[in-house]
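Below is one structure, written out as structure tokens, with a few remarks after it.
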Amino acid sequence: MCGIIGGVSPSDITSTLIDGLHRLEYRGYDSAGIAVVDLHGRLARRRAVGKVAALAGMLSDDPLHGRVGIAHTRWATHGRPHTDNAHPHMSRDSVAVVHNGIVENYAALRDELTAEGYCFISETDTEVIAHLVERQLRRANNLREAVGAAVQRLEGAFTFAAVAVSEPDRLVAARQGSPLVVGIGDAGCFVASDTYALLPVARRFIYLEEGDVVELTGNSFRIHDAGGRLVERAASEVQSSLSVSDKEGFRHYMLKEIHEQPDVVARTLDTWLEGGHLNPDRLAPHARALFAQVRGAHIIACGTSYHAGLVARYWLESLGIPCHVEVASEYRYRKQVIMPGTLLVTISQSGETADTLAPLREAAGKGYLASVTVCNVPNSSLVRESDIAMLTRAGPEIGVASTKAFTAQLVALAILALALARRDGDIHPAESAWLHALRDLPESLRTLLRSDLGLDALSSTLSRGNHALFLGRGIQYPVAMEGALKLKEISYIHAEAYPAGELKHGPLALVDDAMPVIFTLPQDHLLAKTCSNLKEVQARGGRTMVFADDRAAASLQGNGDVVRLGVVPEPVAPIVFTLPLQLLAYHTAVVKGADVDQPRNLAKSVTVE
Ligand code: F6R
């Protein structure tokens, strides 16, 4: 999703901004641009459709120099990817802005500004911000007041940064709806959509609150809150572990991140285990007392994180805890019935997903007992605004398609389920077997990743078709959903997941020898049922690919490809079965020559509704 970087520096800022844009690339985008107040005090701008490399190439042919500037990666919302729609947007050559979000009242503002003689060049909602700031600048004392006044007229999500020729030594930015971090370093003061963009130039970071307006000069910054009061916000030093490492010899970030999963699982698990045993105090000092009052959970999330929530529902219910799981964008607009003792659980890799953040913000006063977030980004909005944050320790995930963050979420949710299942301090009878399986999990995943699963042949079959069905029963149904999502995201093959038992109620009509049907087959109480569904597909000439526990594979006869995953303990089966499906999607995308790490149209951090 759109990425913002900007700053004020005692030296030329252009290369810092371009480097920052490269660091924002993982968020997903379709065009990029930069504007600086140049050494003659004029606004100079370059924009390009496509990769940041195209913009960088443009700058090497036609350089820009300045000490104050803003830059942007755009993920189209209003208006197609086109140079005219790329940010920064300018007003009368005197103000430039970059924006992340959606200005919901842009049409009315556009009419108003057009009537006053402002000329619109783009199809974007952002251009109204540039003109509003320019208009306010004529009436206000300075850029900060002009930005503050513009903010008052805007509705929706509108985190933006602005520079003006009338104040060539400063940058003003406002946070509303999507995150903005201030970074302080030896080379100046900066703002960006995320910390990673600023790691080379800043060591101290200040995470702005909703409604904050920050004013940067080369060596200082001031923050005003939504009420216009000058405020201090806590600064944090960056942790060296936050640095975005390279691909470490892997062809893509996604492959590297798939292979990191054994370590990620071990690290994440360690957060809440002590001597191999669960210590609920490690979730939060008051977790034991709070969890004793929990009577059920509502889990809210999107995409892959939603699939993690669906897996968690099976776990929680198996431990006797009622659970409802819903896609955040639907949940928000429904009338919810919240029973006493309900815990709100949000799950998010980024911690900034607008759809997930909104229900948390609206939860206050609705009767939830408390909120817990399972999240991979410390200091993210979800972490800061939840009562308890369970931080997954996957490290930065650069591939847009989530892999290691998902497995880390599952580990955290298994721990949460066990902690909630303790009643009056009594450990649930299943806890010991679960913890045993979880402790062994990193080594099982390592073994799996080292073995030759024979996925090349399956991937090349999938890559020749346009469709695939993923089937699983019980807790494997969300695993199948995640497998289908991975395949469609990165290989652009239409993939659908169904509960295997649902097949005969409709989707079986799709099955012929051109329809690959992927089954997951653990050794569990549904084995015989899933095998029957497999037979139904094979009887109709469907091409089956079965990912099976060794014991379950023994009961398979007949045709079809079978990938054996070893003996998989039931509590961790959703995690183990996920890995080969990630690899299947990855190899299929590679065969198809797709952009694995930055699939078309997708964004890593989805900060608009
Ligand atoms: C898929 C994927 C997305 C995200 C979804 C929610 O690979 O990454 O489906 O899971 O956009 O994002 P987070 O987890 O950041 O809230």
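The values are calculated or read from the model by the stated rules, or taken from the named source; none is laboratory data. Quantities reported herein were computed from a predicted structural model and do not represent experimental measurements. Because the Cβ atoms are built from the backbone with ideal geometry, glycine has one as well, and the counts that use them run over all protein chains shown. Just the protein is used for accessible areas: all its heavy atoms, side chains included, with ligands, DNA and RNA removed. Shrake-Rupley method; radii C 1.70, N 1.55, O 1.52, S 1.80 Å.
For region 503-565, what is the convex hull volume of its Cα atoms per residue in Å³?
Hull volume normalised by residue count: 71 Å³.
With no solvent and one equal point scatterer per Cα, compute the Debye intensity ratio I(q)/I(0) for region 36-167 at 0.13, 0.17 Å⁻¹ and report its log10, rounded to two decimals.
With one equal scatterer per Cα and no solvent, log10 I(q)/I(0) is -0.51, -0.88.
Which aspartates and glutamates have a Cα lying under 17 Å from the Cα of K335, excluding residues fewer than 8 positions away in the same chain?
Result set, ordered by chain and number: E326, D355, E362.
Quick one: with all protein chains in place, what share of the accessible area of the chain is carbon or sulfur, to the nearest percent (1.4 Å probe)?
Taking all protein chains in place, the chain shows 49 percent carbon and sulfur surface.
For D595 and D93 in the same chain, what is the full-extension length gain: residue separation times 0.36 nm, less their Cα-Cα distance, in nm?
Going from the current span to full extension adds 177.0 nm.
Could you give the angle, 0 to 90 degrees to the nearest 10, between helix 52-61's Cα long axis and the longest principal axis of the Cα atoms of the chain?
With both axes taken from Cα atoms, the answer is about 30 degrees.
Which pairs, out of K247/K486; K404/K504; K366/K488; K404/K488; K366/K404, put more than 29 Å between their alpha-carbon atoms?
Listed pairs above 29 Å: K404/K504; K366/K488; K366/K404.
Which percent, nearest 5, of DSSP beta bridges in region 249-447 are antiparallel?
Roughly 15 percent of the beta bridges in region 249-447 run antiparallel, per DSSP.
Just to verify a number: FRET efficiency for H82 and D456, C-beta to C-beta distance, R0 = 30 Å, to 0.05? All intermediate terms of the calculation are to be shown ahead of the outcome.
Numbers: r = 39 Å, r/R0 = 1.31.
Efficiency for this residue pair is about 0.15.
Placing +1 at every Lys and Arg Cβ and -1 at every Asp and Glu Cβ, with all other atoms neutral, what dipole size does region 429-470 have around its Cα centre, in debye to the nearest 20?
So the magnitude is around 140 debye.
Under the definition of Cα pairs under 8 Å and six or more residues apart, what whole-number percent is the relative contact order of the chain?
Worked out over the chain, it gives 12 percent.
Counting only Cα, what are the radius of gyration and maximum Cα-Cα distance Dmax of region 447-523, in Å?
For region 447-523, the Cα-based Rg and Dmax read 12.7, 39 Å.
Would you please give the residues with an amide H less than 5 Å from that of D38, counting only those at least 5 places away or on a separate chain, with H modeled from the backbone geometry?
L43, A44
What's the percent breakdown of Cα-Cα distances in the chain across 10 Å bins, shortest bin first?
Per 10 Å bin, starting at 0, the Cα pair percentages come out as 3, 17, 25, 24, 18, 10, 4, 0, 0.
What value, in deg cm²/dmol to 500, does the helix sum -39500 (n - 2.57) over DSSP H runs of n ≥ 4 give at 222 nm once divided by the residues of the chain?
Helix-only estimate at 222 nm: -10500 deg cm²/dmol.
Could you tell me the largest-minus-smallest coordinate of the C-alpha atoms of region 350-467 on each of the three principal axes, in descending order and whole angstroms?
54, 38, 27
If you build the Cα gyration tensor of region 245-385 and take the root of 5 times each eigenvalue, what three semi-axes come out, in whole angstrom, biggest first?
27, 20, 14
5 Å is the cut-off here: which amide hydrogens, built 1.01 Å from N in the peptide plane, fall below it relative to I493, excluding neighbours closer than 5 in sequence?
Under 5 Å from the amide H of I493 lies no amide H from a residue far enough along the sequence or on another chain.
In what sequence, highest mean first, do 253-261, 564-572 appear when ranked by Cβ atoms within 10 angstrom?
Peptide ranking by packing, descending: 253-261, 564-572.
Taking the convex hull of the Cα atoms, report for region 455-592 its projected area averaged over all directions, in nm².
Mean orientational projected area (region 455-592, Cα hull): 7.0 nm².
Can you figure out the FRET efficiency of E570 with H22, using R₀ = 56 Å and their beta-carbon distance, to the nearest 0.05?
The pair E570/H22 has a calculated efficiency of 0.80.
Quick check for you: which residues of region 438-467 have the amide N under 18 Å from the point 7 Å beyond the Cα of E496 toward its beta carbon?
So the set is 465-467.
Report the gain in length on full extension from D263 to A430: 0.36 nm times residue separation, minus Cα-Cα distance, nm rounded to one decimal.
Length gained, D263 through A430: 57.7 nm.
Would you mind calculating the relative contact order of region 249-447 from Cα pairs under 8 angstrom and at least 6 residues apart, reporting the percent as a whole number? Before the final figure, lay out each step's value.
Values: 344 pairs, mean separation 58.0, N = 199.
Relative contact order here is 29 percent.
Hey, with R₀ at 56 Å, roughly what FRET efficiency would S166 and T447 work out to, going by the Cβ-Cβ distance, to 0.05?
0.30
When the chain is fully extended, how far beyond the present Cα-Cα distance does D550 get from H277, taking 0.36 nm per residue of separation?
95.4 nm
In whole percent, what relative contact order does region 3-240 give with Cα contacts below 8 Å and a gap of six or more residues?
Rounded, it is 20 percent for region 3-240.
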